[in-house]
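The values are calculated or read from the model by the stated rules, or taken from the named source; none is laboratory data. Because the structure is a prediction, the values reported are computed rather than measured. When we count neighbours, we look across all protein chains shown, and the Cβ atoms used for this are built from the backbone with ideal geometry, even at glycine.
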Amino acid sequence: MRNKVEYMNNAPIGIFDSGLGGLTVARAVIDKLPDEEIVYLGDTEHTPYGPRAIAQVRSLTLSALDELASRGVKALVIACNTATAAALADARERYWIDAGIPVIEVITPAARQSVIATRNQHVGVIGTKATIQSEAYLRALAAVPGLTVSQQACPAFVDFVEAGVTTGEEIEAVAREYLTPLKEAGVDTLILGCTHYPLLTGVIGRIMGEGVTLVTSSEATANVTYNELVDRGLLHDPWPAGEGPQHQFLATGASDAFPRLARRFLGPEVGSVARVDTGGGIA
């Protein structure tokens, strides 16, 4: 039993996203838990998830999580709002209930943070088309008395981020079109309901103004991950002097853009990126 516990302690954390966006969560987890190793999987072959049917997103998500689970991870972080909205219940049944692997998501932590942040009880949510249509954030916030929630789909944001475009006139024009209705509605807190969107906080903050608090799920999700590992006695053992974590990065697409942009957004922790096939025949 001791050997099994030690193995689980020192197993990596699996983090999944449809592409680059989940690197914002990976960064927060690495900072919060510097002794932990992560295995990051970006489904770059099928990104973006937002325009896809919910059934497709569910299938792609579970296939990707199967890949991470097969690598012996001790926890799974679904660092994608669209995937969370589509597949969380199935994922928790398959991995948490059946296999004992905690499944951590990004919607609830961000929703809780927005309730703490709002001053006028009017929260805005931006996300992919699929996330907004799923009403996952409306459900997460439904129990808060007196809270008004306004939503806006921002489908082009993911494409900009995946192309490495985070500033400039084109992205600012698109962002202004998306965000002006929320600004005019008077939201004082805006949930960035896609893990790609924190990479656009410059342009989003510029348009919304200093009086609007931007809420991302990255830090809150890292806190939930920390608490899960502590509560389950799964924190990684301290590393010997001169040693440290070795992170793994996986992608489903063949493009060399992911490694380049991953290093830009996450930093030198990104070494080589291995290609894996998880698609289950979905184009």
The listed residue being of a type in the set (Val, Ile, Thr) and within 19 Å of the chain's Cα centre (by Cα), out of ILE171, ILE207, ILE126: ILE126
Residues that are under 19 Å from ILE107 (Cα atoms), in contact with a helix residue (DSSP H, G or I) (Cβ under 6 Å, 6 or more places away or on another chain) and assigned to a helix (DSSP H, G or I), drawn from the range 201-240: SER218, GLU219, ALA220, THR221, ALA222, VAL224, THR225, TYR226
Residue match in the range 58-71 (condition: within 24 Å of GLN151 (Cβ to Cβ) and surrounded by fewer than 24 Cβ atoms within 10 Å (Cβ to Cβ)): yes
Close pairs (8 angstrom Cβ cut-off, 6 or more residues apart or separate chains): free of Cβ contacts under 8 Å to residues at least 40 places away in the same chain in the range 43-70, surrounded by fewer than 23 Cβ atoms within 10 Å (Cβ to Cβ) and charged (D, E, K, R) anywhere: ARG58/ASP90; LEU62/ASP90; LEU62/ARG94
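Identify the residue in the range 132-155 that is of a type in the set (Val, Ile, Thr) and within 12 Å of ALA111 (Cβ to Cβ) and, among all such residues, is nearest to the chain's Cα centre (by Cα).
VAL149
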Candidates VAL144, VAL212 - the one that is within 23 Å of THR84 (Cα to Cα) and among the β-branched types (Val, Ile, Thr): VAL144
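From the list PHE249, PHE265, pick out the single residue that is outside any loop (DSSP other than H, G, I, E, B), among the aromatic types (Phe, Trp, Tyr), in contact with a strand residue (DSSP E or B) (Cβ under 8 Å, 6 or more places away or on another chain) and not assigned by TED's automatic domain parsing to the domain that holds ASP159.
On the way: PHE265 fails: in contact with a strand residue (DSSP E or B) (Cβ under 8 Å, 6 or more places away or on another chain).
Checking each option against the conditions leaves just PHE249.
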Helices (runs of 4 or more DSSP H) fully within the range 104-182 counting 1 or more residues that are surrounded by 16 or more Cβ atoms within 10 Å (Cβ to Cβ) and polar (S, T, N, Q): 107-117, 129-134
Selection within the range 40-92 - under 24 Å from ALA254 (Cβ atoms) and among the charged types (D, E, K, R): ASP43, GLU45, ARG52, ASP66, GLU67, ARG71
Residue count for the range 213-248, restricted to those that are modelled with pLDDT of 95 or more and aromatic (Phe, Trp, Tyr): 1
Which listed residue, of ALA26, ALA55, ALA69, ALA64, is small (Gly, Ala, Ser), touching a strand residue (DSSP E or B) at 6+ places or on another chain (Cβ under 6 Å), farther than 13 Å from THR225 by Cβ and in a helix (DSSP H, G or I): ALA64
Close pairs (8 angstrom Cβ cut-off, 6 or more residues apart or separate chains): under 23 Å from VAL115 (Cβ atoms) in the range 165-192, outside any helix (DSSP H, G or I) and of a type in the set (Asp, Glu) anywhere: none
